[in-house]
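The values are calculated or read from the model by the stated rules, or taken from the named source; none is laboratory data. Bear in mind that the values here come from a model prediction, so they are computed numbers and not experimental data. Note: ideal-geometry Cβ built from the backbone for every residue, glycine included; neighbour counts use all protein chains shown.
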Amino acid sequence: MATNIVWHQHKVGKTERSAQKQQRPLVIWLTGLSGSGKSTIANLLEQKLGAADKHTYLLDGDNIRHGLCGDLGFSDKDRVENIRRISEVAKLFVDAGLIVITAFISPFRADRDFCRHLLADGEFVEVFVDTPLAVCEERDPKGLYQKARAGDIKDFTGIDSAYEAPQNPEIHLDYQAGQSAEQSAEQLIAKLKEKGFLA
Ligand SMILES: Nc1ncnc2c1ncn2[C@@H]1O[C@H](COP(=O)(O)OS(=O)(=O)O)[C@@H](OP(=O)(O)O)[C@H]1O
Ligand SMILES: Nc1ncnc2c1ncn2[C@@H]1O[C@H](COP(=O)(O)OP(=O)(O)O)[C@@H](O)[C@H]1O
């Protein structure tokens, strides 16, 4: 707990930093099962926003777990702490004026809402990458479902660990058979624009 600590109000704030970048800072929070397409879509989205002169930062589950969250595993408690840390980092990057893209399973509603409530109204865009478990398992890009089914990995999301689907996400990316990742990323950009999150 922060006791005997006083918040410093700096002269240069979020308003100045985002004005300098000529953009509205945001968190675009992708959530979905392992293999649903979060990392692939997030990467394409970041490339497309960069090409449109936006200033972005992508926080991706696998990468963050090598450093900032390298001490955490996949128990419910560790996942809560993982998302808490990511949320605080995302808030700092929003304060820096950036468009933050996150790609974490983030299986628990309360934790996604924690990030939403850290930010100002309209700064948190929850994107549900709604790919059915059977499709994720069929894709199995890292062979993890096979290991989880064989009992070699415990607490695997969708198998023996819960995934709480968003009830009212700002954007719902419904799985469509045969749709490419490129098409999904384009669909996401179109929805971000349609809903007024991107100029
Ligand atoms: N037990 C278990 N359950 C789920 N996922 C597992 C597990 N063990 C390892 N992995 C790999 O870790 C990636 C998920 O990390 P996240 O930080 O996104 O998870 S969480 O948000 O804290 O639930 C996840 O990456 P993605 O496939 O990109 O989602 C997996 O590659
Ligand atoms: N429409 C799509 N959107 C995203 N990924 C797709 C799509 N169609 C096929 N894929 C493939 O599915 C896999 C998704 O893996 P990944 O992006 O690592 O998912 P996650 O980050 O959610 O675990 C990749 O191999 C990707 O090429």
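For region 140-199, enumerate the residues that are in a helix (DSSP H, G or I), of a type in the set (A, V, I, L, M, F, W, C), surrounded by 14 or more Cβ atoms within 10 Å (Cβ to Cβ) and without any contact (Cβ under 8 Å) to a residue 40 or more places away in the chain.
Matches in region 140-199: 148 only.
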If a residue has to be under 25 Å from residue 18 (Cα atoms) and more than 12 Å from ligand 2 (Cβ to nearest atom) to count, how many in region 110-143 make the cut? 15
Taking the residues in region 82-109 that are under 15 Å from residue 161 (Cβ atoms) and out of contact with any Leu (no Cβ under 6 Å at 6 or more places or on another chain) as candidates, determine which candidate is farthest from ligand 2 (Cβ to nearest atom). 109
Flag if residue 108 is of a type in the set (A, V, I, L, M, F, W, C) and touching a residue at least 60 places away in the same chain (Cβ under 8 Å): no
Does region 37-44 contain at least one residue that is more than 9 Å from ligand 2 (Cβ to nearest atom) and in contact with a Lys or Arg (Cβ under 9 Å, 6 or more places away or on another chain)? no
Filter the helices (runs of 4 or more DSSP H) completely within region 1-115 down to those with at least 2 residues that are within 30 Å of residue 147 (Cβ to Cβ), of a type outside the set (D, E, K, R) and within 15 Å of the chain's Cα centre (by Cα). 38-51, 61-64, 76-95
Single unsatisfied condition, residue 3 versus (1) touching a helix residue (DSSP H, G or I) at 6+ places or on another chain (Cβ under 7 Å); (2) among the β-branched types (Val, Ile, Thr); (3) farther than 17 Å from residue 128 by Cβ: (1)
Could you tell me how many of the residues in region 81-113 are over 26 Å from residue 47 (Cβ atoms) and surrounded by 17 or more Cβ atoms within 10 Å (Cβ to Cβ)? 3
Of the criteria (1) surrounded by fewer than 15 Cβ atoms within 10 Å (Cβ to Cβ); (2) within 11 Å of ligand 2 (Cβ to nearest atom), which one residue 33 fails: (1)
Being away from ligand 2 (no atom under 14 Å from the Cβ), under 18 Å from the mean Cα position of the chain (by Cα) and at pLDDT 95 or above is true for just one of 187, 167. Which residue is that? 167
Of (1) crowded, with 20+ Cβ neighbours inside 10 Å; (2) closer than 23 Å to residue 188 by Cα, residue 69 fails just (2)
Considering residues of region 36-57 that are among the aliphatic types (A, V, I, L, M) and under 28 Å from residue 160 (Cα atoms) only, the residue surrounded by the most Cβ atoms within 10 Å (Cβ to Cβ): 42
